[in-house]
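Engineer: My questions will all concern the structure given below.
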Amino acid sequence: MRFDPLYLNHAIAALDQTSALQQQLTNELSSGKRVNVPGDDPVAVGQNVLLSAQLQMNDSFSQTESSLVGRMQVTDSTLGSVVSQLTQAVSLATQGNNGTLNASDLKSIANELAGIRDEIVSLANTTYMGTYLFSGSQGNTAPFSLDTSVSPNTVSYNGDSVISYVVTPDGQQIQVNLPGNTIFNDSANDVLGILNNLIAEFSSGSSSAASQADATALGNALNYVSQQRVVLDNSITRLQAAQSYTQTQAAQMTAVQTDLMQTDMAQVSTQLSTAETQQSALIQVVNLLEKNNGDLFSLL
Amino acid sequence: MATLNAAFSIATGALEAAQSAINVIANNVSNANTPGYTTELPQWQENDTISIGGVSYGQGSTMTGASSQRDLVLEQRIQQQTQLQQDTNARYTALDQMQNIFSASTSTSTSSPSLDIGQSITGFFSSLSQLQASPSDSSLRQSVLTAAQTLVNAFHSASSQLSSQQNSLDQQVGTIVSQVNALTQSIAQLNQQIAQVSPNGDAGQLEDQRQYDIQQLSQWIGIHQINTEDNGLTITTSSGAPLVVKGQAFSLRTGLSGGTTHIYDAEGNDLTSELAGMGGQLGGVLTVRDQDIPQMQSALDTLAYNLGSALNSANQAGTDANGNAGGDLFTLPSSTAGAASQIAVAITSGSQIAAAATGNGSSDSTNLVSMLQIQNQSIVGGTTATSYYASFVSSLGSLVSEVSTENAAQQASLTQLTTQRDSLSAVNQNDQAALLENLQQTYQAAAKVFTILDAVMASALNLGVETTVA
């Protein structure tokens, strides 16, 4: 029977193979990574690219969300102050219209109302990190300016009515600002205009039908501002919900990604131990072959 | 009637034959590790009988020479299999290096920044997404600009690594062709020698050398062999261009064409495309250089061009931080060709990012929202930019693993064939030891015959008196 006299070389080649396998498995164990180049598992790598992209977008949405919510909470508390100022203004207006006050009392009410108006204008011009909160898209422009040279005083709006949205990773668009003209000088509920009218009316020293109508309108405007505040609060709630959804999703995706790309320690350890057994058996074989060197020449 | 002298001559012949046979064994043993050597067996032949007085007498034996233990069909199978195996091996080696360019796509960490195209596409969109928090913030705008620069660098890096891989393969082509030419020269010379020395039979060690040269040649290039008269060999490339015809070698030439090294036959025909994938390292190298890398480059070009164009038109649709109409974000070539290496950031300041819709102020993020939507739009190859890159990496990985599997199968088959060949042709020390033992006994027996004949002859000369002639 013929055989390959160079069979020892094949045993050595097999030894090289098990050594290479051991090296690879040890590498997987130490790095914790099952896939190191695309060829190791092409499908997993493709999915990993998509998962990583999604995770990164989720991650940056988290940052966007926290700074947006920070700004919107400042907006909300600003509106809270506006509401309490307006509540005070409504009770002053009611007091001014009850017909028992003399001219000087009415003038002092007018002064108090002017103080409230100034406070509201300054609240409407609040900035957050250098940007005006209520000027629509014109973040660098103070939204409201007061002209006291005319009577009644006028307030003009210098911003625009652009509403900004943020897109969540799952595609929702959420409103993140309230333009000043929809809160402070809306055509139907012109808070600042009504206040200016009341100030002018009470400054004249007497209450009138006009001042009574304006007092009622101010009450309506107060409700309107509160409604607008609810719009903002809804957005905050939606953003926070989107944030927690994103985080849950990220946790799931990270788990999937780990399954996909990370070493299964138990499996690799088993493979390594098998490879080690094979290796030591082969070494034994090579050792025997070399020692006995089953060659007839040694017997001649 | 036979004579004592005739018996002397037979015994002498036997001693000579045994000596020559021992020579053959010694040669086998000494060449046991010589590459290409095939083991030789001493050939014995009975001498013609002579007839004396109607009785035939044997005249001993002669050693007619050594015959190489060779199976030419098997040799040729090994050469063909070597061509296939070397082709996929060269391709695998090159592809394996290439997949390392894209190994960052296996990273599971989003925090470690790298020049991976997939990660920098997402990085760009994620900087846009963060700009939503405060569109007029100049530091957020600056980070969009930085992300755009990273994206561009990622495309440049992948593209230039592919190009330099292509260049190094191109240099290999020249080296391989000069090896091929050296080997075909040598085979042509061997053809001449064999035609003179052994036109009708196995040429022994010359044939060993010729087969060894063909085996070497098979590592470099895919070939066909045709046997011709006078034990000659005609060798052509697998596509039929002559390399060796009888005693003449036809050298391949190389020349630059379109920026790459092309291969021409002796008549100046361009063989480059027909040699790709047709065996030997040359086949693998040409496949990667002329098919695999251009395909990848073109995929990256398409991605860079389509993504850049989509972002450009989105930016043009808006207004930047200074109230100007948005311009291009990226500078792109006029067509996809070369886009991955030529794409550049067109804006110089973060303020040129058109986050706002036309006519809106700098705090508006309306246009930013449309820019962000590009990441979910099918802008390239019927899918999103990230999916396109994912399937690009995935198909590169599949190609590598496919070629690797193919190569492993070919290697296994080659090993099997080599085992078959070695079991026939390699020097088996045990066989040699046994033969040597045998020949030693033959020699000793013939010598003994000689001694006895000597004694018989002495008896004959001295007519029974033992001491006179020793």
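Please treat every number below as a calculation from the coordinates, not as lab data. Just so it is clear, the model here is predicted, and its values are computed rather than measured. As a convention, Cβ positions derive from the backbone with ideal geometry for all residues, glycine included, and neighbour counts pool all protein chains shown.
Engineer: For a Förster distance of 22 Å, can you work out the FRET efficiency between the beta-carbons of B:A337 and B:N167, rounded to the nearest 0.05?
Structural biologist: Values: r = 18 Å, r/R0 = 0.83.
Computed FRET efficiency for B:A337 and B:N167: 0.75.
Engineer: What is the magnitude of the charge dipole of the protein assembly as shown about its Cα centre, with +1 placed on the Cβ of each Lys and Arg, -1 on the Cβ of each Asp and Glu, and no other charges, expressed in debye to the nearest 20?
Structural biologist: Roughly 840 debye, rounded to the nearest 20.
Engineer: Next question. Whole-Hz ³J(HN,Hα) for each residue in the stretch B:375-383, computed from phi via Karplus 6.51 cos²θ - 1.76 cosθ + 1.60 with θ = phi - 60°, x for glycine and proline: what do you get?
Structural biologist: 5, 9, 9, 7, 9, 9, x, x, 8
Engineer: Just check the stretch B:282-338 against the gyration tensor rule for me: Cα atoms, a ≥ b ≥ c as the square roots of the eigenvalues, rounded for a/c under 1.5, and otherwise prolate or oblate depending on whether a/b exceeds b/c. Intermediate results must be reported in sequence, preceding the final value.
Structural biologist: Details: a/c = 5.69, a/b = 5.08, b/c = 1.12.
Cα axes put the stretch B:282-338 in the prolate bin.
Engineer: Continuing with the same structure: Taking B:K246 as the anchor, which lysines have their alpha carbon closer than 29 Å to its alpha carbon, excluding any fewer than eight residues away along the same chain?
Structural biologist: In chain and number order, there are no partners.
Engineer: Going by a ≥ b ≥ c, the root eigenvalues of the Cα gyration tensor, does the stretch B:120-200 fall in the rounded group (a/c under 1.5), the prolate group (a/b larger than b/c) or the oblate group?
Structural biologist: Details: a/c = 16.90, a/b = 7.18, b/c = 2.35.
Prolate is the answer for the stretch B:120-200, as a/c is 1.5 or above and a/b outweighs b/c.
Engineer: Using +1 at the Cβ of each Lys and Arg and -1 at the Cβ of each Asp and Glu in the stretch A:44-173, identify which of A:V69, A:S108, A:Q138 lies farthest towards the dipole's positive end.
Structural biologist: A:S108
Engineer: Could you derive backbone 3J(HN,Hα) for the stretch B:230-247 from the dihedral phi with the Karplus parameters 6.51, -1.76 and 1.60 (θ = phi - 60°), listing whole Hz in sequence and x where the residue is Gly or Pro?
Structural biologist: 6, 6, x, 9, 9, 10, 10, 5, 4, 8, x, 6, x, 10, 9, 10, 6, x
Engineer: I'd like the per residue volume of the convex hull spanned by the Cα atoms of chain B, given in cubic angstrom.
Structural biologist: Working: hull volume 85.9 nm³, N = 470.
That works out to 183 Å³ per residue.
Engineer: If we sort A:228-235, A:144-151, A:98-105 on the protection proxy, mean other Cβ atoms within 10 Å, highest first, what's the order? List each step's numbers first, then the result.
Structural biologist: On the way: A:228-235: 16.2, A:144-151: 12.9, A:98-105: 10.9.
Most protected by this proxy first, the peptides run A:228-235, A:144-151, A:98-105.
Engineer: If we count other beta carbons within 10 Å of each Cβ, what is the order of B:W44, B:W220, fewest first? Let's see the in-between values first.
Structural biologist: On the way: B:W44 13, B:W220 26.
Sorted ascending by nearby Cβ count, the order is B:W44, B:W220.
Engineer: Assuming 0.692 mPa s and 37 °C, estimate D for the stretch A:49-255 with Stokes-Einstein, Rh taken as the Kirkwood radius over Cα pairs, in µm²/s.
Structural biologist: Working: Rh = 18.7 Å.
It comes out at roughly 175 µm²/s.
Engineer: Quick query: amide H of B:A357 versus all other amide H atoms, modeled in the peptide plane; which residues come in under 5 Å with a sequence gap of 5 or more or a different chain?
Structural biologist: Counting only residues 5 or more places away or on other chains, the set is B:T319, B:T366, B:N367.
Engineer: Can I ask one more? Using the eigenvalues of the Cα gyration tensor, what equivalent ellipsoid semi-axes result for the protein assembly as shown when each is taken as the square root of five times the eigenvalue, whole Å, largest first? Mind showing how you got there, number by number?
Structural biologist: Values: eigenvalues 1976, 150, 37 Å².
Value: 99, 27, 14 Å, ordered largest first.
Engineer: Something else now. Which one of A:L288, A:L79, A:P169 is farthest out on the positive end of the charge dipole of chain A, using unit charges on Cβ (Lys, Arg +1; Asp, Glu -1) and the Cα centre as origin?
Structural biologist: A:L79
Engineer: Under 8 Å for C-alpha pairs, at least 6 residues apart: give me the relative contact order for chain B, rounded to a whole percent. Intermediate values should be presented prior to the final figure.
Structural biologist: Numbers: 768 pairs, mean separation 97.5, N = 470.
Relative contact order, chain B: 21 percent.
Engineer: So what's the gap between the Cα centers of the stretch A:130-184 and the stretch B:418-462, to the nearest angstrom?
Structural biologist: Cα centroid to Cα centroid, the span is 114 Å.
Engineer: List the relative contact order of the stretch B:355-470 as a percent without decimals, with contacts defined as Cα pairs under 8 Å and 6+ residues apart. Walk me through the numbers before you get to the answer.
Structural biologist: On the way: 38 pairs, mean separation 8.8, N = 116.
After rounding, I find 8 percent.
Engineer: Additional query: As a test of understanding, state the convex hull volume per residue of the stretch A:22-107 from its alpha carbons, in Å³. Walk me through the numbers before you get to the answer.
Structural biologist: Numbers: hull volume 10.9 nm³, N = 86.
Taking the convex hull of the Cα positions in the stretch A:22-107, it is 127 Å³ per residue.
Engineer: Next question, about the same structure. From the backbone phi of the stretch B:166-174, what are the Karplus-calculated ³J(HN,Hα) couplings (6.51 cos²θ - 1.76 cosθ + 1.60, θ = phi - 60°) in whole Hz, Gly and Pro given as x?
Structural biologist: With the stated coefficients, the stretch B:166-174 comes to 4, 5, 5, 5, 4, 5, 4, 4, x Hz.
Engineer: Right, something else. List the aspartates and glutamates whose alpha-carbon lies under 12 Å from that of A:K33, not counting same-chain residues fewer than 8 positions away?
Structural biologist: Answer for A:K33, where 12 Å is the Cα cut-off: A:D41, A:D259, A:D264, listed by chain and number.
Engineer: Same structure again: Report, in debye and to the nearest 20, how large the dipole of the stretch A:142-300 comes out about its Cα centre when Lys and Arg carry +1 and Asp and Glu carry -1 on their Cβ. Don't skip to the end; give the middle numbers.
Structural biologist: Numbers: 3 positive and 13 negative charges, 29 e Å.
Roughly 140 debye for the stretch A:142-300.
Engineer: So, one more: Roughly how big is the stretch B:77-415's charge dipole about its Cα centre, with Cβ charges of +1 (Lys, Arg) and -1 (Asp, Glu), in debye to the nearest 20?
Structural biologist: On the way: 7 positive and 23 negative charges, 111 e Å.
The dipole of the stretch B:77-415 has a size of about 540 debye.
Engineer: In whole Å, what is the distance between the alpha-carbon centres of the stretch A:245-287 and the stretch B:151-221?
Structural biologist: Rounded to whole Å, the Cα centres lie 41 Å apart.
Engineer: Amide H to amide H under 5 Å from B:G60: which residues, 5+ apart in sequence or cross-chain, H placed 1.01 Å off N in plane?
Structural biologist: For B:G60, whose amide H was placed from the backbone, the distant partners under 5 Å are B:N47.
Engineer: Sequence-distant or interchain residues sharing an amide H contact under 5 Å with B:G65, placed H: which?
Structural biologist: Under 5 Å from the amide H of B:G65 lie the amide H atoms of B:Q43, each far enough along the sequence or on another chain.
Engineer: I would also like to ask the following. Using the C-alpha gyration tensor of the stretch A:188-229, what are the square roots of 5 times its eigenvalues, in whole angstrom, with the largest one first?
Structural biologist: Numbers: eigenvalues 91, 17, 8 Å².
Ellipsoid semi-axes (Å, largest first): 21, 9, 6.
Engineer: Could you state the number of Å between the C-alpha centres of the stretch B:249-269 and the stretch B:55-114?
Structural biologist: Distance between centres, Cα-based: 26 Å.
Engineer: Same structure again: Placing +1 on the Cβ of each Lys and Arg and -1 on the Cβ of each Asp and Glu in the protein assembly as shown, which of A:G205, B:A188, A:V230 has its Cα farthest towards the positive end of the resulting dipole?
Structural biologist: Result: A:G205.
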